[in-house]
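The values are calculated or read from the model by the stated rules, or taken from the named source; none is laboratory data. The structure presented is a predicted model; accordingly, all values stated were derived computationally and were not measured. Virtual Cβ from ideal backbone geometry, glycine too; neighbours counted across all protein chains shown. The protein model used for the area step is the full one, side chains on, heavy atoms only, and it has no ligands, DNA or RNA in it. Shrake-Rupley method; radii C 1.70, N 1.55, O 1.52, S 1.80 Å.
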Amino acid sequence: MLEVRNLKSSYGSHKVLNGVDFHVDKGDVIAILGSSGSGKTTLLRNISFLTEADEGTIRFNDFEKDIRHIKRSEIHELRSKIGYVFQNFNLFRNMTVKQNILEGLVTARHMNKNEADKIAEEVLKKVDMSDRADYYPDQLSGGQQQRVAIARSIAYHPDLILFDEPTSALDPELTREVLKIMIRLAREGITMVVVTHEMDFAKNVADRVIFMENGVVVEDAPSKEFFNHPKEEATKRFLRTVLTDYDFVI
């Protein structure tokens, strides 16, 4: 479905990604782990063209191109197939929950209003937010706002959804609300790439786990293998810091 090769990205003179190779197969749930500054968010933003990479090749389904020579129309087409859930929700504060979902369907996709209404109702039901359709974001908890953001991303029926630390701004109770919805989507076979610090999600829901450090992929393995038999010393050090019961001897 998606593959990037030799992806490099920088902010000014600071190199963030140093030649990342990365792939996602249809139906995969992939968790990306790593310390702050390891390049996780930049990888997602480059894949979705929210920020431009310096070089690399991208393949998405039948489309393949050098990232430096991609056209604006091609970027628009790729974005239409990729959903993105931000850390801080990115909802329109002056629109209701339902209007936040309708905006993209009617304005960006030029969808018939009745059809868009039907989709909005369906996705709000899927994230348990039907009873908040007429609320404004400021009337919702952080967890409810994130569930609306997820509803907005799945309303387009994207081929792939990217989640950028979707629970990092939430307290534990609200985190559980959002993870419940994400687990539900995973079980429905939706292809997902999730930058996260939630180790339980990575261990028990993700099919594969990728660990990044200093702008490169250090380890990429099936989740059980990643947690039970990590190969790289950097991975072992990371797991030792984030898992209190991790007993692998370094």
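Considering only residues that are of a type in the set (Asp, Glu) and in a helix (DSSP H, G or I), look in region 110-130 and name the one that is surrounded by the fewest Cβ atoms within 10 Å (Cβ to Cβ).
It comes out as 115.
Consider residue 209 carefully, then state whether it is of a type in the set (A, V, I, L, M, F, W, C), more than 15 Å from the chain's Cα centre (by Cα) and under 20 Å from residue 36 (Cα atoms).
In short, no.
Any chance you could count how many residues in region 131-149 are closer than 20 Å to residue 116 by Cα, in a helix (DSSP H, G or I) and open to solvent by 70 Å² or more (accessible area, probe 1.4 Å)?
Going through region 131-149 one residue at a time, the tally reaches 1.
From the list 51, 57, 41, pick out the single residue that is in a strand (DSSP E or B) and among the hydroxyl-bearing types (Ser, Thr, Tyr).
Criteria check complete, one pass: 57.
Quick one: which of 209, 218, 193 is in a strand (DSSP E or B), closer than 26 Å to residue 3 by Cβ and open to solvent by 30 Å² or more (accessible area, probe 1.4 Å)?
It is 218.
Got a number for residues in region 157-204 being out of contact with any strand residue (DSSP E or B) (no Cβ under 6 Å at 6 or more places or on another chain) and not polar (S, T, N, Q)?
28
How many residues are closer than 17 Å to residue 107 by Cα, part of a loop (DSSP other than H, G, I, E, B) and either open to solvent by 30 Å² or more (accessible area, probe 1.4 Å) or of a type in the set (D, E, K, R) (or both) when one looks only at region 150-169?
2
Rundown of residues vs (1) assigned to a loop (DSSP other than H, G, I, E, B); (2) open to solvent by less than 20 Å² (accessible area, probe 1.4 Å); (3) on the phi > 0 side of the Ramachandran plot, yes/no style:
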| site | (1), (2), (3) |
| --- | --- |
| 17 | no, yes, no |
| 37 | yes, no, yes |
| 76 | no, no, no |
| 98 | no, no, no |
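Any residue at all in region 68-89 that's in contact (Cβ under 8 Å) with a residue 24 or more places away in the chain, more than 27 Å from residue 42 (Cα to Cα) and not small (Gly, Ala, Ser)?
Checked against the condition, which is being in contact (Cβ under 8 Å) with a residue 24 or more places away in the chain, more than 27 Å from residue 42 (Cα to Cα) and not small (Gly, Ala, Ser), region 68-89 yields no hits at all.
Looking at (1) aliphatic (A, V, I, L, M); (2) open to solvent by less than 10 Å² (accessible area, probe 1.4 Å); (3) outside any strand (DSSP E or B); (4) free of Cβ contacts under 8 Å to residues at least 24 places away in the same chain, which one does residue 185 not meet, given that it meets all the others?
Condition (4) is where residue 185 drops out.
With the structure loaded, tell me whether residue 3 is farther than 19 Å from residue 191 by Cβ, open to solvent by 20 Å² or more (accessible area, probe 1.4 Å) and either assigned to a loop (DSSP other than H, G, I, E, B) or in contact (Cβ under 8 Å) with a residue 40 or more places away in the chain (or both) or whether it fails that test.
No: the conditions fail for residue 3.
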